[in-house]
1. Can you give me the long-range amide H partners of THR125? Hydrogens built in the peptide plane at 1.01 Å from N, cutoff under 5 Å, separation of 5 or more residues or another chain.
2. Where does each of LYS144, LYS395 land when they are ranked from fewest to most other beta-carbon atoms within 10 angstrom?
3. ³J(HN,Hα) across the range 370-378 via Karplus (A = 6.51, B = -1.76, C = 1.60, θ = phi - 60°), whole Hz, x for Gly/Pro?
4. Given N residues in the chain, what is Rg(Cα) / (2.2 N^0.38 Å)?
5. Taking θ as phi - 60°, what are the ³J(HN,Hα) couplings along the range 44-50 by the Karplus curve (6.51, -1.76, 1.60), each to the nearest whole Hz, with x for Gly and Pro?
6. Distance cut-off 28 Å, Cα to Cα: go down the list LYS186/LYS309; LYS38/LYS186; LYS38/LYS167; LYS169/LYS205; LYS126/LYS348; LYS53/LYS126 and report the pairs above it.
7. Divide by every residue of the chain the summed helix terms, -39500 (n - 2.57) for each DSSP H run of at least 4, and state the resulting mean residue ellipticity at 222 nm, rounded to the nearest 500 deg cm²/dmol.
8. Assign unit charges at the C-beta atoms only (+1 for Lys and Arg, -1 for Asp and Glu), then state the dipole size of the chain relative to its Cα centre in Debye, rounded to the nearest 20.
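FYI, it's all coordinate maths here, none of it is from the lab. Computed from a predicted model, the values in this text were never measured in an experiment. Neighbour counts run over all protein chains shown; Cβ positions are idealised from the backbone, glycine included.
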Amino acid sequence: MPGYELFGDAERKEVNDMLQTGVIPRYGFAAARNGVWKAAELEQEICKTFGCKYALLTTSGTTALTTALAALGIGAGDEVIIPTFCFVANFEAILGVGAIPVFADVDETLSLSPESVENAITDHTKAIMPVHMCGGMARMDEMKALREKYNLLLLEDACLAVGASYKGKSLGTMGHAGVYSFDISKMITCGEGGAVITNDEDVYKRARAYTDHGHDHLENDRTADTHTHLGYNYRITELHAAVGLAQIRRLNEFLALQMRNHNIIHDAIKDMPGLTFRGLPDPDGYTGAYLSFFLPGEIQAREAYEQLKAAGISGLHYWYGNNWHYIGRWQHLQSGSWMHRLYEQQKKQVMHYSNLAFPMSDSIMSRCISIGISLLWSDAEAAEIGAKMGAVLSKLLA
Ligand SMILES: *Cc1c(COP(=O)(O)O)cnc(C)c1O
């Protein structure tokens, strides 16, 4: 799954290039750079690799989400529909711009159920945010149809599906904007980093200004820039971008290894009676970052998770029980524990939506186990893991 596992000479070379100049910030100091602009180069590489017009790097996937929301003009009182299975960053970013996260169920794609999204739409809905989980994709045809039917914005969170596609288009490129993360656990890494991608020049310019105190970037001299909007500092550094530049050029190498190891393990357990696998609206676009499967019930899933762990299998996730990815465990959100006060109306709405019941999501996520696929496994090692998993699961399901 993570590119950091294969950090090596290519990454060291890019970082060394940058160290020769000593220019760590991404903007300014043109004369001292000797033509080295790692962040700008990585942005071009992102556009080329994923097929979008504009990319804007930020400090993280979380700040990229916040930036994209702001650049799309989403703010006070606007409702943004997200899945019950995502990452804390999704609601953090929405709350950060003063908007309201509204949850909709996931289906067996581990992403938004189109019916549930439609049921969640109100007069205040401004955007749908499909979160493409675990290397796979949401039902994008249905998401695009809902966007058109209700005249909404579509913002794709592809942080956990960098390199995945849907009907030939990279995830992240099909809405008004998309977001990638390059944190340490993602497909390719900068150490920390993220990107907003879009085909809309205006969204790109607004995102660029938002991440740089509102600078309009019309002049080469930063002190001459004017500031048409308020912004913040979410600028990536050249050091982080240098790592990402080496990694993005190795994306196909990473994907090939990952898919090979994924398929070896999948083959070892795919015919087991009682076991089903996550839905993939476009199997060809899958990255194989995780192998995700469903047990018949919650009790078996919890048991399987414990037994697989006891058998020495690493990289397992029982998302339903962890604190980061599933609504049921976000007590800080549900109890309204904010360090700063929200507006009364925002707090009321947030608490209302965060405390709804989601039996459909519960029934899917309580049965789901994922295993993160390592790039370091040889094919023999992957086969051994698959065999061990098969032994545990077949005994449990017998
Ligand atoms: C990792 C992740 C993020 C946030 O990315 P960071 O770079 O860690 O801030 C957002 N959404 C999803 C689905 C993620 O997996």
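1. GLU79
2. So the ranking, lowest neighbour count to highest, is LYS395, LYS144.
3. In residue order, the calculated couplings are 10, 10, x, 8, 8, 7, 8, 5, 6 Hz.
4. So the Cα radius of gyration is 1.00 times the expected 2.2 N^0.38 Å.
5. Values, residue by residue: 5, 5, 4, 4, 5, 5, 9 Hz.
6. The answer is LYS38/LYS167.
7. -12000 deg cm²/dmol
8. It comes to approximately 300 debye.
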